[in-house]
There are 2 protein chains.
Amino acid sequence: MFPDYDVIVVGAGHAGCEAAAAAANIGSKTLLVTMNMQTIAQMSCNPAMGGIAKGQIVREIDALGGYSGIVTDLSMIQFRMLNRSKGPAMWSPRAQSDRMLFAAKWREMLEQTPNLDFYQDMVKGLLVKDGFVKGVVTGLGHEIRSKAVVLTNGTFLNGIIHIGEKQFGGGRVAEKAASGITEQLVSLGFESDRLKTGTPPRVDGRSLDYTKMEVQDGDEEIVGFSFTDTPKIKASEQRCCWITYTDQKVHDMLKTGFDRSPMYAGRIDGVGPRYCPSIEDKINRFADKERHQLFVEPEGWNTVEIYVNGFSTSLPEDVQYAALRMVPGFENARLFRPGYAIEYDYFPPTQLKNTLETKLIRNLFFAGQINGTTGYEEAACQGIVAGINAHLNGNDAAPFTLKRSDAYIGVLIDDLINKGTEEPYRMFTSRAEYRTLLRQDNADARLTPIGYKLGLASEERMNKIRQKTENIANIRTILKEASLKPEEINGFLLKHNSSQIQEKQKAEKILLRPDIELSHLVDAIPALKEQVKNYTREELEQASILAKYETYIEKEKELVNRMSDMENLAIPQAFDYSKLSSLGNEAREKLNRIRPQTLGQASRISGIKPSDIQILMVYMGR
Amino acid sequence: MFPDYDVIVVGAGHAGCEAAAAAANIGSKTLLVTMNMQTIAQMSCNPAMGGIAKGQIVREIDALGGYSGIVTDLSMIQFRMLNRSKGPAMWSPRAQSDRMLFAAKWREMLEQTPNLDFYQDMVKGLLVKDGFVKGVVTGLGHEIRSKAVVLTNGTFLNGIIHIGEKQFGGGRVAEKAASGITEQLVSLGFESDRLKTGTPPRVDGRSLDYTKMEVQDGDEEIVGFSFTDTPKIKASEQRCCWITYTDQKVHDMLKTGFDRSPMYAGRIDGVGPRYCPSIEDKINRFADKERHQLFVEPEGWNTVEIYVNGFSTSLPEDVQYAALRMVPGFENARLFRPGYAIEYDYFPPTQLKNTLETKLIRNLFFAGQINGTTGYEEAACQGIVAGINAHLNGNDAAPFTLKRSDAYIGVLIDDLINKGTEEPYRMFTSRAEYRTLLRQDNADARLTPIGYKLGLASEERMNKIRQKTENIANIRTILKEASLKPEEINGFLLKHNSSQIQEKQKAEKILLRPDIELSHLVDAIPALKEQVKNYTREELEQASILAKYETYIEKEKELVNRMSDMENLAIPQAFDYSKLSSLGNEAREKLNRIRPQTLGQASRISGIKPSDIQILMVYMGR
Ligand SMILES: Cc1cc2nc3c(=O)[nH]c(=O)nc-3n(C[C@H](O)[C@H](O)[C@H](O)COP(=O)(O)OP(=O)(O)OC[C@H]3O[C@@H](n4cnc5c(N)ncnc54)[C@H](O)[C@@H]3O)c2cc1C
Ligand SMILES: Cc1cc2nc3c(=O)[nH]c(=O)nc-3n(C[C@H](O)[C@H](O)[C@H](O)COP(=O)(O)OP(=O)(O)OC[C@H]3O[C@@H](n4cnc5c(N)ncnc54)[C@H](O)[C@@H]3O)c2cc1C
């Protein structure tokens, strides 16, 4: 019934959708098998994309030629560039999406992707022969063959949902869990474990009193995510969100449910996300905090459903309800659906290569929550990497990997495969060593050439970044050459509380002053304005960043170079660590298990000390 | 956690949505509880509304003030008035809908309905006390109280899905079944039984060769369903459908799967819809038919998913696939999802009053597929009736019922409660005795005044029909008065192959000729055209129908009057049939069980003979 495929992707969540799109777009005959075609790219939790470090990832996916950025741009109801007041390394785009529109647009884009077929069924096992994956077996009993398989089962593997003392099977509430895959993989030698995550209640927006909350408007300018010309909404059309707070009374009420909480009563074995804690975790762990912020976010353009961001909980529903009603603005709140926690199987990601292929079974890839991450962006970026490599493997081409200095995606995968994770892994800017290099604004410069070479980013994207790079260079030349006289600039400097100049100075030098912004400077000097008038806001902004942060950027680049010598020092695959008695026990055991491919990778394994690396270097003849 | 409600509606299918909207709109504090708020008003099977007799029902729902017509108008991708070549009693509007948009628009409208709350949970039982329903119990353990409950569980009660030799629980594919309710109701004395229905496979439109099929375009004029000013798409924007045919080869291939068919192997106990048969039923029952028509219908504006109308099947998937690929245009077809059959519990509807309240438990209503019907329209119209009566019951107001001469809805409910049904009940024009009265074009005249009195149809709707009625009367006066001279009309008559006149004749008389249409006549006579120029196409059409079919209409009205004497003859509720030894055994048993409220109702119970009615009349002193 089915042709042979190059790549089969299991699951149409964020990881699966990006994986399928990438594999198909670079030429693999691809099949996306998912349990329910009506839930393609469903957002399980909050209807938002991006945010700190996550927004960078979405732009990186976009720069490579993925779809997440375009879909977000097409479905957003509000956009904000977070951290604008900090340095540009911290700027992070975030969008509130229309939940239904987001899924609809994803499905539309996938349907328009050549080489990509769809099939609705539950995959319950893999075809494996001689250490190679050969396809999948579905619930209806079909054996579908392929050269590679990407598993992106999300929270569905043996998922169990908890609300207070109630528990029942499910991959998300009102959706079935998936079984069979974990059991088979474990029998093949994989290690699996349990994690948990949670979601807040949804309420009826008609029952809230917004006058008691703070309004949170969208930005006045919508930068968006995609580097393409995807149309964006007008700033004035945006929906607003609201902010409110819990207080001691709310916390006390929540505590009355602790004895019936699945977490505290020990019914949940899985570890939850420390960085995205439930409200009960927050009041427990940060007992001295008097209040916690709640973001009150609409679920779409035309719905009254409201997402209560910050109130994730698996307490009994009556307690959720009673506590929520004590929050200012929520006095008369009606629940649409309760919050809940879900426990699911994941596979510790140290079982993967940096291509996301498993070490145990060739051509089998894992991407997304199945690897112990949490978040749509984290899932999606693994999807695109796995999809690309599933294609490349089948064509005996060199693998596609990203270094920690290339992208947040590189950081994420490197962390996962080396350090593993014992709690749901979420991206933070602090995880990246080179964050001045890995900015959201330059993701296209960093990654589009790579995506283009892979055949994933289009010619059009490539031309855009070529042009942009050239334009930025031109702007910098203009700034370097423009000599400003005291009489034409001192008034402006005075106005901006910046010391005045005595003799001519280059525009770029003025720009280096922390309180001077390029846009203001340009506005003040008509001659300069004339010279840059044909460049876009984006180009000007980036030229300004490059000028202002040049020293930092150069320093980071130098560091990258120094590290990359060691980074690239390959460790022979047959290397026998057990013979190195001078290594600590822990180091020997970990190195033997993880088998890092390079010395750099070895250095980032948790528990490996610099002294261990020194010993290795000696034994490798360095 | 929950306030006390006036009405709780269980299930947000077509029946549940109309029930909730109706109850809330006429003033009941209403709660709609459904398993998954993401599947509100999901179309389980074909993405189409209306059709023969069903289109009339949608317009009737609309005339009363329901939402189905508006939602269909807002989500249609193609419109056709079926049977235009036949008499106006047969004209039936039908629309192909965008599946996702249909559900989205329903949800939007429900969210905008005051008095209506939502809650996502599975209802697993009822609160019953002293023969009265008092509320529901949910899967999460909540007891929610109300004065009335409307059950609209559709195909979900102990649903089992069959595909070839595979079977698994589910209310629709990829959705959970519901349990608990049947068991409780049976323990309370209700009778339940099993029915089955089926759905065809969905295919990838990109894999079809449309050049081998016949194109089926939408109408050039979009009449639509709602009598309100709901905006409609432009005719030119419509999507086309296609027609293709099975042939002997396809049938032979399908037959190879019969031994693995759940129907023929006896794995399905439920009775299927005789009037909406599976393709295997068709080739079995109509063995001499060489081919069957298939309608190839897009699922929406922006999707490549295609619905293969006419190919409903539960044969093994490999057989579905192999047979489908033999259909012209489907040579390279790829399946998205296989066809399947579903078996589910229903409650024989003779257990209901004509308000759709159960006879056994006060204030408990059943509506939709749970009553043994099939089809969105049949479900929706029961929903609105049940929703209205749930409200009226709670307010001790007189019940709302529709007679067979009022509406198709009246025919449907009267059939159900009196005759019951042993197979999925579907509406046909042939079920209605008074179909010249029950036209789609006059549903507003028939029902909007009733809906308005109930507080359901808006003032605006009422004003519209008042104006329309007046305008139609004016047009008829114009036609009755306009005297046409031979010289001004004979050319026109000649052109339309109609015999010429010798002396002046009234326009209305000319119109009575079968080959003369009002629009043509008006176009030919400038003076007439001038007189009617301010009336709408709809008003002209209806005036024309009233003129042309006056004799039929009058005859039917007379019949209605004659029958209604008997119809309205109430049978005392305590009437003891067992004493009437002159009644046949079957009649005695059935009358005792069904307990008809009027003699008319008694006369329509299947198995009751005219002689039985005579006997009853004698005993009742007539
Ligand atoms: C209750 C809940 C709360 C969450 N809270 C947060 C949060 O607070 N913060 C945060 O960042 N993230 C949160 N998440 C996580 C976020 O939703 C995920 O990280 C993200 O969706 C993972 O994407 P994915 O593609 O890996 O998997 P998913 O989005 O889970 O998609 C998996 C897909 O695979 C399909 N599938 C699974 N098994 C099979 C099979 N055997 N055969 C066929 N198809 C299959 C499913 O139908 C689904 O389409 C939460 C998730 C849930 C469920
Ligand atoms: C496979 C299939 C094939 C079909 N084929 C045809 C066809 O060929 N022709 C035709 O005319 N019709 C067909 N139908 C029937 C058509 O879909 C139904 O007649 C129509 O949808 C019935 O509407 P309803 O409102 O009664 O129930 P449904 O549309 O089934 O809706 C029931 C709703 O109730 C909810 N629900 C159920 N139980 C509970 C509970 N315990 N608690 C909370 N919520 C609950 C469900 O989630 C759902 O939202 C088919 C249906 C199916 C499933």
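Assorted remarks:
- Every pair of residues 6+ apart whose Cβ atoms lie under 8 Å, when the first sits in the range A:41-62 and is within 14 Å of chain B (Cβ to nearest Cβ) and in contact (Cβ under 8 Å) with a residue 12 or more places away in the chain while the second is within 16 Å of ligand 2 (Cβ to nearest atom) and not in a helix (DSSP H, G or I): A:42/A:172; A:44/A:172
- Single residue of the range A:7-24 satisfying the filter (more than 19 Å from the chain's Cα centre (by Cα) and closer than 21 Å to residue A:378 by Cα) that is nearest to the other protein chains (Cβ to nearest Cβ): A:24
- Within the set B:100, B:122, B:109, the sole residue that is in contact with a helix residue (DSSP H, G or I) (Cβ under 8 Å, 6 or more places away or on another chain), away from ligand 1 (no atom under 16 Å from the Cβ) and facing chain A (nearest Cβ under 9 Å) turns out to be B:100.
- For the range A:423-439, the candidate set comprises residues that are assigned to a loop (DSSP other than H, G, I, E, B) and touching a strand residue (DSSP E or B) at 6+ places or on another chain (Cβ under 6 Å); within that set, the residue that is farthest from ligand 2 (Cβ to nearest atom) is A:423.
- Qualifying residue in the range B:606-618 (condition: in contact (Cβ under 8 Å) with a residue 12 or more places away in the chain, surrounded by 17 or more Cβ atoms within 10 Å (Cβ to Cβ), outside any helix (DSSP H, G or I) and out of contact with any Cys (no Cβ under 7 Å at 6 or more places or on another chain)): yes
- Residue in the range B:279-296 that is modelled with pLDDT under 95, surrounded by fewer than 20 Cβ atoms within 10 Å (Cβ to Cβ) and aliphatic (A, V, I, L, M) present: yes
- Cross-chain or 6+ apart pairs with Cβ under 6 Å, the range B:484-500 first and more than 11 Å from residue B:521 (Cα to Cα), then basic (Lys, Arg): B:485/B:504; B:498/B:513
- Residues of the range B:309-332 that turn out to be part of a helix (DSSP H, G or I) and in contact with a helix residue (DSSP H, G or I) (Cβ under 9 Å, 6 or more places away or on another chain), as a count: 5
- Looking at B:23, B:53, just one residue is surrounded by 24 or more Cβ atoms within 10 Å (Cβ to Cβ) and more than 13 Å from ligand 2 (Cβ to nearest atom), and that residue is B:23.
- Meets criteria (in contact (Cβ under 8 Å) with a residue 60 or more places away in the chain, away from ligand 1 (no atom under 16 Å from the Cβ) and of a type in the set (Ser, Thr, Tyr)) for residue A:436: yes
One line per residue, one yes/no per condition, for (1) within 28 Å of residue A:599 (Cβ to Cβ); (2) within 14 Å of chain B (Cβ to nearest Cβ); (3) part of a loop (DSSP other than H, G, I, E, B); (4) away from ligand 1 (no atom under 16 Å from the Cβ):
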residue: A:377; (1), (2), (3), (4): no, no, no, no
residue: A:381; (1), (2), (3), (4): yes, no, no, no
residue: A:385; (1), (2), (3), (4): yes, no, no, no
residue: A:397; (1), (2), (3), (4): yes, no, yes, yes
residue: A:418; (1), (2), (3), (4): yes, no, no, yes
residue: A:448; (1), (2), (3), (4): no, no, no, yes
residue: A:463; (1), (2), (3), (4): no, no, no, yes
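- Scanning the range B:467-480 for any residue that is touching an Asp or Glu at 6+ places or on another chain (Cβ under 9 Å), closer than 28 Å to residue B:153 by Cα, modelled with pLDDT of 95 or more and crowded, with 20+ Cβ neighbours inside 10 Å turns up nothing.
- Every pair of residues 6+ apart whose Cβ atoms lie under 9 Å, when the first sits in the range A:162-190 and is within 25 Å of residue A:262 (Cα to Cα) and in contact (Cβ under 8 Å) with a residue 24 or more places away in the chain while the second is part of a helix (DSSP H, G or I) and within 12 Å of ligand 1 (Cβ to nearest atom): A:172/A:39; A:175/A:39
- Test for residue B:499: is it among the hydroxyl-bearing types (Ser, Thr, Tyr), over 30 Å from residue B:348 (Cα atoms) and not assigned by TED's automatic domain parsing to the domain that holds residue B:229: yes
- Single unsatisfied condition, residue A:423 versus (1) at pLDDT 95 or above; (2) among the charged types (D, E, K, R); (3) within 13 Å of ligand 1 (Cβ to nearest atom): (1)
- Condition met for residue B:554 (in contact with a Gly (Cβ under 6 Å, 6 or more places away or on another chain) and part of a helix (DSSP H, G or I)): no
- Residues satisfying the stated conditions in the range B:325-344, i.e. more than 22 Å from residue B:265 (Cα to Cα) and either without any contact (Cβ under 8 Å) to a residue 40 or more places away in the chain or not charged (D, E, K, R) (or both): B:325, B:326, B:327, B:328, B:329, B:330, B:332, B:333, B:335, B:336
- Residues located in the range A:27-39, provided they are crowded, with 23+ Cβ neighbours inside 10 Å and of a type in the set (A, V, I, L, M): A:31, A:32, A:33, A:35
- Flag for residue B:128 being crowded, with 21+ Cβ neighbours inside 10 Å and outside the structural domain of residue B:594 (by TED's automatic domain parsing): no
- So residue B:456, is it assigned to a helix (DSSP H, G or I) and either touching a Lys or Arg at 6+ places or on another chain (Cβ under 7 Å) or surrounded by 21 or more Cβ atoms within 10 Å (Cβ to Cβ) (or both): no
- Boolean, residue B:90 is surrounded by fewer than 21 Cβ atoms within 10 Å (Cβ to Cβ), of a type outside the set (Lys, Arg) and under 29 Å from residue B:278 (Cβ atoms): yes
- Of all residues in the range A:297-308 being over 22 Å from the mean Cα position of the chain (by Cα) and either of a type in the set (Ser, Thr, Tyr) or in a strand (DSSP E or B) (or both), the one that is nearest to the other protein chains (Cβ to nearest Cβ): A:303
- Among residues of the range A:187-220 being touching a Phe, Trp or Tyr at 6+ places or on another chain (Cβ under 9 Å) and acidic (Asp, Glu), the one that is nearest to the other protein chains (Cβ to nearest Cβ) is A:204.
- Residues that are more than 9 Å from chain A (Cβ to nearest Cβ), acidic (Asp, Glu) and in a strand (DSSP E or B) within the range B:140-186 comprise just one, B:143.
- Matching residues in the range A:581-596 - criterion: being surrounded by 17 or more Cβ atoms within 10 Å (Cβ to Cβ) and over 13 Å from residue A:350 (Cβ atoms): A:583, A:587, A:588
- Within the range A:333-358, restricting attention to residues that are within 14 Å of another protein chain (Cβ to nearest Cβ) and assigned to a loop (DSSP other than H, G, I, E, B), the residue that is surrounded by the most Cβ atoms within 10 Å (Cβ to Cβ) is A:338.
The values are calculated or read from the model by the stated rules, or taken from the named source; none is laboratory data. Treat the numbers as computed from the prediction; the structure is a model and nothing was measured. When we count neighbours, we look across all protein chains shown, and the Cβ atoms used for this are built from the backbone with ideal geometry, even at glycine.
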